Amino acid sequence: MSSEFKIIGTSPVRPDALPKAAGTARYVADLDLPGAWIAGVLRSPVPAGRLKGIHKNPAFDWSRVCLITAADLPGPNVVAMVRDDYEILVQEKITYTGQALALLAAPDEALLAEALAALTPEIEPTTPALCIEDALAGVSRVWGEDNVMDEYRVACGDIDQGFAEAELILEQTYRTGLHEQLYLENQGMVARPRGEGLEVFGSLQCPYYLHKALAKALHLADKDLSVRQIVTGGAFGGKEDYPSVLAVWVGLLARATGQTVRLFYDREVDLLNTPKRHPSKTVYKMGLKKDGRITAVDVDLFLDGGANTTMTKVVLARACLHVTGGYKIPNARVRARSLATNSPPNGAFRGFGAPQALYAVERHLDLAAETLGLSPYAIRLKNALQPGDAFPFGQALGDNACASLVLHDAAERSDYERKRREYTGQKGRVRKGIGLSLCMHGGGFTGAGEDNMGTTVEVEYLPDGRLEVLSSSTDMGQGADTVLPMIAAEALGLPLDRVLRPLPDTARVPNSGPTVASRTTMFVGKVLHDACLNLIAKLADFLAASRGPARPEFAHGAFHLEGGAVASLDEAAEAFLARNGPIKGRAVFRPDPNLAWDEANYRGTAYKDYSWLAQAVEVEVDLDTYEIRPLRAWISTEVGRAVNPVQVTGQMEGGVLQSYGTAYLEDLTLRPDGRYSASRLSEYMIPTSLDAPEFELKVFEVPSPYGAFGAKGIGELSMDGGAPAVAAAVQNACGAFACEAPLTGERLFTLLEQLQSEPVHEITPPTSERARRDGEAAK
């Protein structure tokens, strides 16, 4: 911890730690909701078609339940998001399996199930487009004329000249698949009528997203609408957009019935119907000199958006801007497109497009190193962005270019070069390998997003001497309820236990923007700091008016008055309260006039600052079972300022382990009927503590002028580079070069067969986990 701080740089116990560990934290499904009706959804069984009608069984007493179809909606048939293309209920065109056709509410589960069974949709099926290739080929028209939802382009230099100068040109296609956020707590939402208005509460990330969607769909004024976050058991982006859908559904049913209505998903419903990470296809062409220097890059990147936009437009933007990685590319051409398919809409997931993009560039550098006979570390170091270098979209870096710093540290601490040489060409059934990757992540919204957001935070000094931090930023496990009070306590010189942070409620807190994009500590924290300074300024003006003409200076929790007198913050605030009543400090994000973003040409300052991470991971590969096991991971990261070092460690280790799951375990596909291949946890494997490698983490701090006390965003950074690092380690262990994540046992087996080299022992197809367990049981 720096000596200039008392609280920043410490690691106090999280206020939510004991309730969550003891099981006393009350999640939305734990709330006592006497008399609440239960919501249900009639869903499409096909991925594409036309809804001709919904037939009601006349033998069922429909007066006992509430049924809503598209014809019954009081407002526009849209859930307001980034783009208003998400239908509340199908009007006619069905675009994915599981799409909502009608809503039901009933007083109990049995009656709800009976009512759902009494509904029969009449559907005329049509041919679906279920993947990127289908969408490009126009198998089905899901969106517009060509299924292209959005497109961005970035260019710099002379691409033809760059390839003309190259001594080697490499082209390869890379793919990443669907991934499920798999938060511990499933989706859940409740709506309760409140006079002429509505109160909605549940498990969510972005209260004002829901507020906007409800106001539009139900024609409600702001004063008649309240959205509250309940203790939320994980999100990872999965509760950014989708809770707006659930909120509108329960809101409609609550208004129609006059009853409190709840909708809680079980794991199967959650897995089959909520947004996933966008599958990607990236065609990467790179020109290089023989010494490994990059001369040109030409990239064509595709994301599978699913049937509606949700977050795809902004996920694509980040992918486009991260696809050249942390490297100096003098001549570049990047084309990024999102395509509509007949799959459930894909949405936000930790990393938000960067993991897909960085997988491609990192794997391609491994391919270049192998082709040129160079070290993967050396080729990265040669091309790493340095201070003064610029990204292809024109943003130049100053001292915040920390690519070489973290890269060198990870390679050195892991003894990467020696191990890579030692493991290359080894024999035997169980082999070791080591892989390396470099990634960066832009903090906050892309381009002018932060400038236009209007992020607002308030602090209020209460009569009992405590301070409330009023912000719509949510804590879904990442620690905002710890870090934001730390920032306020440091700014005001107060003990941390006197700073409160109530659960966000749009009726009480200003709009601080969504809890996404690695922006909470960096940007909301910065605005919070400014709000504290504005509170101090109010008190300073009050003291000047009441005690003397000179405006006192504030330092270390006290005002220094004329003549050497000192007044504590508490003394000043109590005097202000006695004379003037409540006192608040309020601040709104202030754009930097020296930074500019050209949206039309996609050039300029894409992000206010970047955090950096390099990692080396050592794995073990069993060539009998084709199992991959990470053993040790050396993580080097630059985070601006580690406000809470223990939480930084948790974010880094947890996110890296999560990224390893996407590297070799988490395999999710879309079946021909448009249904996901996994509907339970036994079918979708994620890493557990038993799969975690031994972590060795080193944190560097280069304070950013744009973040609270110099902090940068780190929530997504740890997710970005794990998959290519694991793939590189497997390649080092057994020579198999993977172009697709996840690298499952089946894919590894196929790659080893394609090597057509003499195996050390007979290669057999990978045995499924269930078959392996059955075999062991038989023995």
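Please count how many residues of the range 363-382 are of a type in the set (Lys, Arg) and either part of a strand (DSSP E or B) or within 28 Å of the chain's Cα centre (by Cα) (or both). Steps first, answer last, please.
First, the residues of the range 363-382 that are of a type in the set (Lys, Arg): 363, 380, 382.
Still in the running and either part of a strand (DSSP E or B) or within 28 Å of the chain's Cα centre (by Cα) (or both): 363, 380.
Final tally of qualifying residues: 2.
Where residues in the range 134-187 are in a strand (DSSP E or B) and among the hydroxyl-bearing types (Ser, Thr, Tyr), which of them is most open to solvent (accessible area, probe 1.4 Å)? First the steps, then the outcome.
Step one: filter the range 134-187 for residues in a strand (DSSP E or B), giving 148-156, 168-176, 178-179.
Right, trim to among the hydroxyl-bearing types (Ser, Thr, Tyr) and you get 152, 173-174, 176.
Numbers: TYR152: 26, THR173: 46, TYR174: 3, THR176: 17 Å².
Across the range 134-187, the extreme among qualifying residues is THR173.
Using the structure shown, decide if ASP389 is of a type in the set (Asp, Glu) and more than 21 Å from VAL639 (Cα to Cα).
no
Only one of these conditions is not met by LYS239: (1) among the basic types (Lys, Arg); (2) in contact with a Leu (Cβ under 6 Å, 6 or more places away or on another chain); (3) surrounded by fewer than 24 Cβ atoms within 10 Å (Cβ to Cβ). Which number is it?
Condition not satisfied by LYS239: (3).
Conditions tested, residue by residue: (1) among the charged types (D, E, K, R); (2) modelled with pLDDT of 95 or more; (3) closer than 18 Å to PRO630 by Cα; (4) outside any helix (DSSP H, G or I).
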site	(1), (2), (3), (4)
SER718	no, yes, yes, no
VAL726	no, yes, yes, no
VAL730	no, yes, yes, no
GLU758	yes, no, no, yes
ALA777	no, no, no, no
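All but one of (1) under 14 Å from ALA517 (Cβ atoms); (2) in contact (Cβ under 8 Å) with a residue 12 or more places away in the chain hold for ASN452; state the number of the condition that does not hold.
Failed condition: (2).
Check every one of the strands (runs of 3 or more DSSP E) wholly within the range 263-362 and list those with 3 or more residues that are open to solvent by less than 10 Å² (accessible area, probe 1.4 Å), touching a residue at least 24 places away in the same chain (Cβ under 8 Å) and closer than 29 Å to VAL245 by Cα. Before you say what the answer is, go through the steps one by one.
Working: elements: 280-288, 294-306, 332-340.
Where strands (runs of 3 or more DSSP E) fall fully within the range 263-362 and carry at least 3 residues being open to solvent by less than 10 Å² (accessible area, probe 1.4 Å), touching a residue at least 24 places away in the same chain (Cβ under 8 Å) and closer than 29 Å to VAL245 by Cα, they are 294-306, 332-340.
Of all residues in the range 569-582, count the ones that are out of contact with any Leu (no Cβ under 9 Å at 6 or more places or on another chain), exposed (fewer than 13 other Cβ atoms within 10 Å of the Cβ) and closer than 24 Å to ILE487 by Cβ.
Final tally of qualifying residues: 0.
Just to be sure before I move on: is VAL699 assigned to a helix (DSSP H, G or I), at pLDDT 95 or above and open to solvent by 10 Å² or more (accessible area, probe 1.4 Å) in the structure I sent? First the steps, then the outcome.
Details: assigned to a helix (DSSP H, G or I): no; at pLDDT 95 or above: yes; open to solvent by 10 Å² or more (accessible area, probe 1.4 Å): yes.
It is false that VAL699 is assigned to a helix (DSSP H, G or I), at pLDDT 95 or above and open to solvent by 10 Å² or more (accessible area, probe 1.4 Å).
On the basis of being under 27 Å from the mean Cα position of the chain (by Cα) and more than 19 Å from ASP266 (Cα to Cα), does HIS211 make the cut? Write out each step before concluding.
Numbers: under 27 Å from the mean Cα position of the chain (by Cα): yes; more than 19 Å from ASP266 (Cα to Cα): yes.
Spelling it out, HIS211 is indeed under 27 Å from the mean Cα position of the chain (by Cα) and more than 19 Å from ASP266 (Cα to Cα).
Among the numbered criteria (1) hydrophobic (A, V, I, L, M, F, W, C); (2) crowded, with 19+ Cβ neighbours inside 10 Å; (3) more than 29 Å from the chain's Cα centre (by Cα); (4) in a helix (DSSP H, G or I), which single criterion is violated by ALA102?
The number of the failed condition is (4).
Return yes when GLY195 is out of contact with any Leu (no Cβ under 6 Å at 6 or more places or on another chain), open to solvent by 30 Å² or more (accessible area, probe 1.4 Å), modelled with pLDDT under 95 and not charged (D, E, K, R) and no when it is not.
Considered against the rule, which asks whether it is out of contact with any Leu (no Cβ under 6 Å at 6 or more places or on another chain), open to solvent by 30 Å² or more (accessible area, probe 1.4 Å), modelled with pLDDT under 95 and not charged (D, E, K, R), GLY195 comes out as yes.
Which one of ILE54, ILE38 is among the aliphatic types (A, V, I, L, M) and open to solvent by less than 20 Å² (accessible area, probe 1.4 Å)? Walk me through it before giving the result.
On the way: ILE54 fails: open to solvent by less than 20 Å² (accessible area, probe 1.4 Å).
From the options ILE54, ILE38, the qualifying one is ILE38.
Just to be sure I understand, how many residues within the range 653-704 are free of Cβ contacts under 8 Å to residues at least 24 places away in the same chain and more than 22 Å from the chain's Cα centre (by Cα)?
Quick first cut of the range 653-704, residues free of Cβ contacts under 8 Å to residues at least 24 places away in the same chain only: 671, 677, 682-683, 688-690.
From the residues that got through so far, the ones that are more than 22 Å from the chain's Cα centre (by Cα) too are 671, 677, 682-683, 690.
Total satisfying the criteria: 5.
Go through the range 585-626 and count every residue that is surrounded by fewer than 20 Cβ atoms within 10 Å (Cβ to Cβ), in a strand (DSSP E or B), in contact (Cβ under 8 Å) with a residue 40 or more places away in the chain and of a type in the set (D, E, K, R).
Of the residues in that region, 4 qualify.
Checking the structure you have, find out if any residue of the range 714-732 is charged (D, E, K, R), within 23 Å of the chain's Cα centre (by Cα) and either surrounded by 22 or more Cβ atoms within 10 Å (Cβ to Cβ) or over 30 Å from VAL527 (Cα atoms) (or both).
We begin by selecting, within the range 714-732, every residue charged (D, E, K, R); these are 716, 720.
Subset that is within 23 Å of the chain's Cα centre (by Cα): 716, 720.
Keeping just the survivors that are either surrounded by 22 or more Cβ atoms within 10 Å (Cβ to Cβ) or over 30 Å from VAL527 (Cα atoms) (or both) gives 716, 720.
Yes, some residue in the range 714-732 is charged (D, E, K, R), within 23 Å of the chain's Cα centre (by Cα) and either surrounded by 22 or more Cβ atoms within 10 Å (Cβ to Cβ) or over 30 Å from VAL527 (Cα atoms) (or both).
Going by the structure shown, is LYS6 more than 30 Å from the chain's Cα centre (by Cα), surrounded by 14 or more Cβ atoms within 10 Å (Cβ to Cβ) and either modelled with pLDDT under 95 or not hydrophobic (A, V, I, L, M, F, W, C) (or both)? Full working, then the answer.
Details: more than 30 Å from the chain's Cα centre (by Cα): yes; surrounded by 14 or more Cβ atoms within 10 Å (Cβ to Cβ): yes; either modelled with pLDDT under 95 or not hydrophobic (A, V, I, L, M, F, W, C) (or both): yes.
So LYS6 fits the description; yes.
Could you pull out the residue among ARG747, ARG671 that is at negative phi, of a type in the set (Lys, Arg) and in contact with a strand residue (DSSP E or B) (Cβ under 7 Å, 6 or more places away or on another chain)?
Values: ARG671 fails: in contact with a strand residue (DSSP E or B) (Cβ under 7 Å, 6 or more places away or on another chain).
Unique residue meeting the criteria: ARG747.
Taking the range 477-523 as the region of interest, how many residues are open to solvent by 10 Å² or more (accessible area, probe 1.4 Å), in a loop (DSSP other than H, G, I, E, B) and either basic (Lys, Arg) or within 26 Å of GLY655 (Cβ to Cβ) (or both)?
Residues that pass the stated criteria total 8.
Kindly check whether there is at least one residue in the range 114-131 that is of a type in the set (Ser, Thr, Tyr), assigned to a loop (DSSP other than H, G, I, E, B) and either modelled with pLDDT under 95 or buried (at least 18 other Cβ atoms within 10 Å of the Cβ) (or both). Steps first, please.
Step one: list which residues in the range 114-131 are of a type in the set (Ser, Thr, Tyr), which gives 120, 126-127.
Adding the requirement that they be assigned to a loop (DSSP other than H, G, I, E, B) leaves 126-127.
Applying the additional criterion that residues be either modelled with pLDDT under 95 or buried (at least 18 other Cβ atoms within 10 Å of the Cβ) (or both) yields none.
No, because not a single residue in the range 114-131 is of a type in the set (Ser, Thr, Tyr), assigned to a loop (DSSP other than H, G, I, E, B) and either modelled with pLDDT under 95 or buried (at least 18 other Cβ atoms within 10 Å of the Cβ) (or both).
Yes or no, residue by residue, for (1) charged (D, E, K, R); (2) open to solvent by less than 20 Å² (accessible area, probe 1.4 Å):
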{"residue": "SER375", "(1), (2)": "no, yes"}
{"residue": "ASP399", "(1), (2)": "yes, no"}
{"residue": "LYS432", "(1), (2)": "yes, no"}
{"residue": "GLY454", "(1), (2)": "no, no"}
{"residue": "GLY465", "(1), (2)": "no, yes"}
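What number of residues in the range 543-567 are open to solvent by 40 Å² or more (accessible area, probe 1.4 Å) and touching a Gly at 6+ places or on another chain (Cβ under 7 Å)? Outline the logic, then answer.
Taking the range 543-567 and keeping what is open to solvent by 40 Å² or more (accessible area, probe 1.4 Å), we get 545-547, 549-551, 553-554, 556, 560, 562-566.
Filter once more, so that each one left must be touching a Gly at 6+ places or on another chain (Cβ under 7 Å): 556, 562.
The qualifying residues number 2.
The values are calculated or read from the model by the stated rules, or taken from the named source; none is laboratory data. The structure displayed is predicted, hence computed values, not measured ones. Positions of Cβ are generated from backbone atoms using ideal geometry, with glycine treated the same way; all protein chains shown enter the neighbour counts. Note: areas computed on protein heavy atoms with side chains; ligands, DNA, RNA excluded. Shrake-Rupley method; radii C 1.70, N 1.55, O 1.52, S 1.80 Å.
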